[in-house]
1. With labels modelled as points extended 7 Å from the Cα through the Cβ direction, what inter-label distance (nm, one decimal) is found for Ile28 paired with Glu366?
2. Spin-label point model (7 Å from Cα, Cβ direction): what's the Ile39 to Asp207 distance in nm?
3. Among Ala81, Leu98, Thr243, whose Cα projects farthest towards the positive end of the dipole of the chain, with charges put on the beta-carbon of Lys, Arg (+1) and Asp, Glu (-1)?
4. Tally Lys/Arg at +1 and Asp/Glu at -1 over every other residue whose Cβ is under 13 Å from the Cβ of Gln185; what's the total?
5. Quick one: net charge of Glu125's neighbours, Cβ under 15 Å, K/R +1, D/E -1?
6. About its Cα centre, what dipole magnitude does the chain give when the only charges are +1 on Lys and Arg Cβ and -1 on Asp and Glu Cβ, stated in debye to the nearest 20?
7. Cα centroid distance between segment 120-178 and segment 1-52, in Å?
8. Can you classify segment 155-276 as rounded, prolate or oblate using the Cα gyration tensor, where a ≥ b ≥ c are the square roots of its eigenvalues, rounded means a/c under 1.5, and otherwise it's prolate if a/b beats b/c and oblate if not?
Amino acid sequence: MSEHAFATRAIHAGQAPDPTTGAIIPPIYQSSTHVQDGIGGLREGYEYNRSGNPTRSALETQLAALEGGASALSFASGLSAEDALLRGILKPGDHVLLGNDVYGGTYRLFTKVYATWGIETTTVELGDLDAIRAALRPETKIVWLETPSNPLLKIVDIATVAEVAHAAGAILVVDNTFASPALQQPLALGADLVVHSTTKYLGGHSDVLGGAVVFSDDRFYDQVKFQQFAVGAVSAPLDAWLTTRGIKTLSVRMRQHSENAQAIAEWAAARPEFAQVFYPGLASHPGHEIAATQMSGFGGMLSLGLSAGADAARAFAESTELFQLAESLGGVESLIGYPPDMTHASVRGTALAVPENVVRLSVGIEDVSDLIADLEQGLARISR
């Protein structure tokens with residue numbers, strides 16, 4: 001379906017009507033195993049749910065189409081997708097270069113799990129090409145970046161970093177969770193692999209956990225596929241179906257997420273209660289021009305730095321109503337979080353620690369006037 005536009009691919013890729021009944025929505029193959037026509041006589045290659053399931057296969061076709069990839073694999077969570085990718089590609093003694101505000105869970109995976117396996121990591125400001133070049137080693141296997149980053153919404157020029165990584169013999173992995181493929185296509189910009197927490201914008205309704213790896217070509221597919229099968233952190237049929245259902249409205253949802261977040265960022269930028277507004281849609285954002293070039297919209301995530309400091313930030317996160325206090329992001333409902341003690345608690349006390357005055361907003365698709373009113377009443381509560 002590569003000849004079709006994004007919104008069309010999101011709805012139709014991997015979603016042929018059921019050939020037996022004509023049902024417009026393919027069925028959920030809620031089965032753990034598959035009958036064989038004699039020993040080894042597999043029907044359409046399906047044997048056991050850990051190795052493959054038609055509902056998961058349909059989602060993987062859909063995921064590859066969204067990112068313009070050659071193939072994709074679906075997992076039980078975003079971190080399990082990252083784990084399979086890393087186990088499939090790395091070996092003891094390899095080195096990975098990370099951004100200096102990488103997601104706390106990814107940082108924990110590298111520094112608490114893979115460090116014991118002999119994998120070394122270095123964090124660097126990925127917007128500084130000289131710093132990247134200085135940090136690269138002969139044993140650097142992967143450059144890993146998030147753009148926009150979590151939670152400070154840093155923007156990295158994917159195409160430029162891809163050139164630097166490839167010149168050093170490293171591969172570029174892009175976590176595209178914050179932008180989603182509706183707004184950004186890293187593979188087209190030179191990335192080798194894309195990872196997602198499909199729990200977030202792809203699922204989009206805060207009702208399913210999942211992850212994905214999307215491949216630009218076939219270089220790494222077999223070894224990551226083996227990890228998916230051998231370790232078994234696969235998405236279950238119902239989870240795969242829920243993710244597919246969410247993806248079908250991704251294009252229209254991301255437009256509304258972006259529109260609402262832009263309005264809130266502009267509102268916040270005019271308020272003295274906020275010392276910083278981290279949103280790439282603002283012309284004042286240091287990565288605005290790059291984001292405008294490599295993204296078709298600026299997304300639904302933004303972070304705010306409270307002028308009054310850490311105590312005010314914590315109080316503000318506990319004072320909103322429509323913005324509900326919760327982990328995660330990317331659902332249709334708005335969420336607020338305090339990263340230093342929530343999503344990024346694992347990097348507290350390190351060079352990657354999130355500033356103590358920062359709250360993170362996942363802006364939903366509610367009416368934006370209601371969302372701004374909620375933030376205003378939250379500010380009023382903490383000023384009493």
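1. About 2.8 nm, to one decimal.
2. Calculated label separation equals 4.5 nm.
3. The Cα lying farthest towards the positive end belongs to Ala81.
4. Numbers: positive: Arg9; negative: Glu67.
Charge balance in the 13 Å sphere: 0.
5. Once positives and negatives cancel, what remains is -3.
6. On the way: 25 positive and 42 negative charges, 105 e Å.
Roughly 500 debye for the chain.
7. 36
8. Judged from the Cα gyration tensor, segment 155-276 comes out oblate (a/c at least 1.5, b/c at or above a/b).
Computed from the coordinates by the stated procedures, all read-outs in this text should not be read as laboratory data. Just so we're clear, the structure is a prediction, and the values are computed from it rather than from any experiment. Every residue, glycine among them, receives a Cβ derived from its backbone with ideal geometry; neighbour counts consider all protein chains shown.
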